[in-house]
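Asks: Just passing along the structure, written as structure tokens.
The values are calculated or read from the model by the stated rules, or taken from the named source; none is laboratory data. Please read these numbers as outputs of a predicted model, since none were measured by experiment. Here the Cβ positions follow ideal geometry from the backbone for every residue, glycine too, while neighbour counts run over all protein chains shown.
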Amino acid sequence: MRSMGIAAALASLLLLTACTTAPSQASSPASSSPDDSTATDGCPAGTSEHDGLCLSGDATSVALAEVLHRQFEADHLTATIAGVWHDGEPVLFGALGDSLPGVPATPDMHHMLGNLTTPMLTTAFLQQVEAGVISLDEPISTWYPDLPDADTVTVDMLLHNTAGYSQFTGQADFLADLYADPFRVWTVDEIIDIGTEGGPVFPPGSDWMFSDTNSAVLVGILAKATDRRVEDLIQTGVLDPLGMRDTTVTRDGNWKQPILQGYDGERGVWENVTGWSPSWAHFAGGVGSNAQDVGTFLDALASGELLSSKYHDIQWAPTTVGIGANTPDQYWAMGFLVVKDWMFLNPTIPGYSGAGATLPDEGWTIVVYTTPSQATDPAAPSATDITRAFTGILSPEHSLAG
């Protein structure tokens, strides 16, 4: 199974020609409400339709569109949705391909996000730290006394992936159960038990390893410490303040319409996996949204508007530098990777490949999601390749494409 982990290496960009589909109405990430000044061609204000995509019309937008078309064809994708904004204004917005046979994909379509939800979770978590409900230095034994090394592992270690708990999606028993019943509704404690079985794989705090098990434990702690549902904390602490009305925090996959359909062959047969239960990802990945809402959140993550300046700095701090493979140019912050000053995440989940990035100092924000066809290489990180190529166009000094 392709987990929601961070891609380990930069992949090469493939440049070929591609086909297009018609765009649909979208707004800039400054607001999740449709722009009243939308142009007659269905594009957001400040853009117009070019070969099926809404572009601002400058050389940058044209270069971005060329990359998107070429990668779409090169990877034999079923659909691609992409948005690029500069200081909240759309530079490129649109979709290529089909959601269902004969049904064009549109950029307002909703789908599971994967780990682009993780910084939503860590933001809601830090809001409770700021309120004095939880301490970063507190051992997790306060809430989970029976977990391995619970007296040693701290909240901060979970947030920074230095706790040592293994990735639950890599466990054979979990995969067997998921494939046997992809509609099963998982509890967070079931996920925690799978990921923490056997204890940390290294002394807590001594090394770094990406693991969604850490996020599952954070979800459990947040619920226990506040005596509230985590979905409510994310709703009131993140989504409502930003006006993210197209984002659904749910464990049943009942996303808002329209929905981008996802396909996969993980169980040995090519099938539509859109209706698979997202409960195994809970609120560190099991959230549904669309490109414009994700862009809204990434802008807020960059600006720090949901946290005080102190906790915004803590969220982005290079605390993990020098631990494991983390370096000043590439380190894990609280819920996301920072690479050459870009905040970067690239979720890969059944049916979808995604990537999101924001460069705070220059005001760029990128959101890309793709769905494969049977001809797509299962190992191809399509959304990652597109996003990295985009960064080279937008900010050569901070390019991730090399």
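Asks: Out of 176, 180, I need the residue that is surrounded by fewer than 15 Cβ atoms within 10 Å (Cβ to Cβ), at pLDDT 95 or above, hydrophobic (A, V, I, L, M, F, W, C) and within 30 Å of residue 272 (Cβ to Cβ). Which one?
Replies: Details: 176 fails: at pLDDT 95 or above.
Step by step, each of 176, 180 is checked, and only 180 is surrounded by fewer than 15 Cβ atoms within 10 Å (Cβ to Cβ), at pLDDT 95 or above, hydrophobic (A, V, I, L, M, F, W, C) and within 30 Å of residue 272 (Cβ to Cβ).
Asks: Can you name the condition, by its number, that residue 105 falls short on among (1) of a type in the set (Gly, Ala, Ser); (2) within 27 Å of residue 316 (Cβ to Cβ); (3) in contact with an Asp or Glu (Cβ under 8 Å, 6 or more places away or on another chain)?
Replies: Here residue 105 clears every test but (2).
Asks: On to the next question. Can you tell me which residue within region 175-220, out of those that are assigned to a loop (DSSP other than H, G, I, E, B) and of a type in the set (Val, Ile, Thr), is nearest to residue 271 (Cα to Cα)?
Replies: If we filter region 175-220 for residues that are assigned to a loop (DSSP other than H, G, I, E, B), which is where we start, we get 181-187, 197-211.
Subsequent filtering for residues that are of a type in the set (Val, Ile, Thr) retains 185, 187, 201.
Values: 185: 20, 187: 25, 201: 35 Å.
Result: 185.
Asks: May I pose another question? Considering only residues of region 104-149 that are under 19 Å from residue 355 (Cα atoms) and of a type in the set (Gly, Ala, Ser), which is modelled with the lowest pLDDT?
Replies: Ranking the candidates gives 114 first.
Asks: Just the residues that are surrounded by 21 or more Cβ atoms within 10 Å (Cβ to Cβ) and of a type in the set (A, V, I, L, M), please, taken from region 50-91.
Replies: 53, 55, 64, 65, 67, 68, 77, 79, 81, 82, 84, 91
Asks: Cβ contacts < 6 Å: first residue surrounded by fewer than 14 Cβ atoms within 10 Å (Cβ to Cβ) and of a type outside the set (Ser, Thr, Tyr), restricted to region 243-271; second residue modelled with pLDDT of 95 or more and part of a loop (DSSP other than H, G, I, E, B), any location; separation 6+ or different chain. Result?
Replies: The qualifying pairs are 270/374.
Asks: Which one is surrounded by the fewest Cβ atoms within 10 Å (Cβ to Cβ) among residues in region 109-148 that are of a type in the set (A, V, I, L, M, F, W, C) and part of a loop (DSSP other than H, G, I, E, B)? Give the derivation first.
Replies: Step one: list which residues in region 109-148 are of a type in the set (A, V, I, L, M, F, W, C), which gives 109, 112-113, 116, 120-121, 124-126, 129, 131, 133-134, 136, 140, 143, 147.
If we keep only those that are part of a loop (DSSP other than H, G, I, E, B) as well, we get 109, 113, 131, 133-134, 136, 143, 147.
Working: 109: 23, 113: 31, 131: 9, 133: 13, 134: 21, 136: 17, 143: 18, 147: 22.
Taking the candidates together, the pick is 131.
Asks: Within region 381-402, work out how many residues are free of Cβ contacts under 8 Å to residues at least 24 places away in the same chain and either touching a Gly at 6+ places or on another chain (Cβ under 7 Å) or not charged (D, E, K, R) (or both).
Replies: Total meeting the criteria: 2.
Asks: Output the residues belonging to region 135-165 that are closer than 18 Å to residue 320 by Cα and either free of Cβ contacts under 8 Å to residues at least 12 places away in the same chain or small (Gly, Ala, Ser) (or both).
Replies: Within region 135-165, 163, 164 meet the criteria.
Asks: Just give me the residues in region 203-217 being buried (at least 21 other Cβ atoms within 10 Å of the Cβ) and either β-branched (Val, Ile, Thr) or within 17 Å of the chain's Cα centre (by Cα) (or both), in sequence order.
Replies: Within region 203-217, 211, 212, 213, 214, 215, 216, 217 meet the criteria.
Asks: Still on this structure, I have one more. Could you check region 59-104 and list, in sequence order, the residues that are among the polar types (S, T, N, Q) and either within 20 Å of residue 385 (Cβ to Cβ) or outside any strand (DSSP E or B) (or both)?
Replies: Across region 59-104, the qualifying residues are 60, 61, 71, 78, 80.
Asks: Test residue 327 against the stated conditions and say whether it is among the hydroxyl-bearing types (Ser, Thr, Tyr), farther than 15 Å from residue 126 by Cα and touching a helix residue (DSSP H, G or I) at 6+ places or on another chain (Cβ under 9 Å). Walk me through how you get there before you give the answer.
Replies: On the way: among the hydroxyl-bearing types (Ser, Thr, Tyr): yes; farther than 15 Å from residue 126 by Cα: yes; touching a helix residue (DSSP H, G or I) at 6+ places or on another chain (Cβ under 9 Å): no.
No: the conditions fail for residue 327.
Asks: Here are some residues: 22, 26. Which one is at pLDDT below 95 and touching a Phe, Trp or Tyr at 6+ places or on another chain (Cβ under 7 Å)?
Replies: Matching residue, one of 22, 26: 26.
Asks: Something else about it: Within region 258-343, which strands (runs of 3 or more DSSP E) (wholly inside it) include 2 or more residues that are in contact with a Ser or Thr (Cβ under 9 Å, 6 or more places away or on another chain), modelled with pLDDT of 95 or more and under 18 Å from residue 159 (Cα atoms)? Reasoning before the result, please.
Replies: Values: elements: 287-289, 330-332, 337-339.
So the answer is 330-332.
Asks: Suppose we filter region 220-241 for residues that are of a type outside the set (Gly, Ala, Ser) and surrounded by fewer than 20 Cβ atoms within 10 Å (Cβ to Cβ); how many remain? If you could, list the steps in order and put the result at the bottom.
Replies: Step one: filter region 220-241 for residues of a type outside the set (Gly, Ala, Ser), giving 221-222, 224, 226-236, 238-241.
Those still in the list that are surrounded by fewer than 20 Cβ atoms within 10 Å (Cβ to Cβ) too: 224, 226-229, 232, 235-236, 240-241.
The total comes to 10.
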